[in-house]
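Taking it in order: structure first as structure tokens, then the write-up.
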Amino acid sequence: MSESMTREAALRIALAARALPGIETRALVLALAERLELPLTETKLATVTVEDLCEILAGDHAEESCVVGFDNEHLKAAVRSLWGIGVAGSELPALEPYAEGDLPGSIRVAICSNSGENLDGHFGSCERFLVYQVSPDALRLIDQRPTLAADKAEDRNVARSALIKDCHLVYVQSIGGPAAAKVVRAGAHPVKIAKAAPARDILAQLQQSLQKPPPWLAKAMGVPAASLAQFVAAAEAEQA
């Protein structure tokens, strides 16, 4: 069962079970899996409401409006844990508010990550993509996209590429040639930074480069273009 959920999801479920006296973690995992389907991810857990949890705990008797044996405060505490609110030891950074158009002249960037807010993952094996909206003078973490479900696809590289098809760039520690071609086909351009580093440090360097972006980014930003080859070479050289 551990292979069917992310580490973050496992942490949240364990803490939710702790908020519900008498409920074992394994039993809650099985109940959630029946309702949400595998794999269990933090994205799916964040959709669970108090009403949903009541039905999940009631199981086959949900339609009978049976009493599940927990007061509303226990249920709310469990749901907050499933959402990741106040979870000590959670490795996921908080998202920042963003609506389309908030950062004029910005681009969308994915970061291959396995822990915290770091670039520390290979394209084909990272646990999630951290997605940022980046302009020359501002950046926001707007989404976290687990890759576990994509790995169940017939072509995992195509499925992973689809997760970031709305991004202009994806920063990776490494990526193979065939996978890179699929990323480009999906609309993103991979940039290889072999040494692990905080995502925001990498993006701060990108912000400097956005002063003279390559043609395909300049079109989206409405600014003068620079050479794409120079842009990618400069980004990788800074980390060499």
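Can you give me the distance in nm between label points at Asn72 and Tyr98, each placed 7 Å from the Cα along the Cα-to-Cβ direction?
About 3.6 nm, to one decimal.
Points 7 angstrom from Cα along the Cβ direction at Glu24 and Arg185: gap in nanometres?
My value for the distance between the label points is 4.6 nm.
For the pairs Lys44/Lys212; Lys44/Lys182; Lys182/Lys212; Lys76/Lys192; Lys152/Lys212, flag any whose C-alpha to C-alpha distance is greater than 32 Å.
Numbers: Lys44/Lys212 39 Å; Lys44/Lys182 26 Å; Lys182/Lys212 26 Å; Lys76/Lys192 43 Å; Lys152/Lys212 39 Å.
In this structure, Lys44/Lys212; Lys76/Lys192; Lys152/Lys212 exceed 32 Å between Cα atoms.
Long-range amide H contacts for Asn118: which residues qualify at under 5 Å (H placed 1.01 Å from N, peptide plane, sequence gap of 5 or more or a different chain)?
Long-range HN contacts for Asn118: Ala199.
Based only on other Cβ atoms within 10 Å, what is the fewest-to-most ordering of Thr25, Thr147?
On the way: Thr25 14, Thr147 24.
Fewest-to-most Cβ neighbours within 10 Å comes out as Thr25, Thr147.
Taking the number of other C-beta atoms within 10 Å as the exposure measure, put Glu34, Glu8 in order starting with the fewest.
Working: Glu34 11, Glu8 22.
Fewest to most other Cβ atoms nearby, the residues stand as Glu34, Glu8.
Beyond 15 Å, what share of the Cα-Cα pairs of the stretch 2-83 is found? Please give it as a whole percent.
Details: 1654 of 3321 pairs.
Beyond 15 Å sits 50 percent of the P(r) for the stretch 2-83.
What's the FRET efficiency of Lys212 with His122 using the Cβ-Cβ distance as r and R₀ = 30 Å, to the nearest 0.05? Display every interim value, and only then the final one.
Numbers: r = 29 Å, r/R0 = 0.98.
The calculated FRET efficiency here is 0.55.
Would you list Asp102, Asp137, Asp120 from fewest to most Cβ contacts within 10 Å? Show your work: numbers first, answer last.
On the way: Asp102 14, Asp137 10, Asp120 19.
Taking fewest neighbouring Cβ atoms as first place, the list is Asp137, Asp102, Asp120.
When you count, for each residue, the other Cβ atoms within 10 Å and take the mean per peptide, how do 123-136, 148-161 rank with the highest first?
Values: 123-136: 21.4, 148-161: 16.6.
Highest-to-lowest ranking by the protection proxy: 123-136, 148-161.
How do 92-99, 9-16 rank on mean C-beta neighbours within 10 Å, highest first? Each step should come with its number before you reach the end.
Values: 92-99: 12.8, 9-16: 21.8.
Answer by packing, highest mean first, reads 9-16, 92-99.
For the stretch 138-178 and the stretch 187-215, what is the centre-to-centre distance using only Cα atoms, to the nearest Å?
Cα centroid of the stretch 138-178 versus Cα centroid of the stretch 187-215: 16 Å apart.
Hey, rough spin-label estimate for Asp166 and Ala204, points 7 angstrom out along Cα→Cβ, what's it come to in nanometres?
Each label point lies 7 Å from its Cα, and together they span 2.8 nm.
Only the coordinates and a few stated rules stand behind these numbers; no lab work does. Not measured: the values here are computed from a predicted model. As a convention, Cβ positions derive from the backbone with ideal geometry for all residues, glycine included, and neighbour counts pool all protein chains shown.
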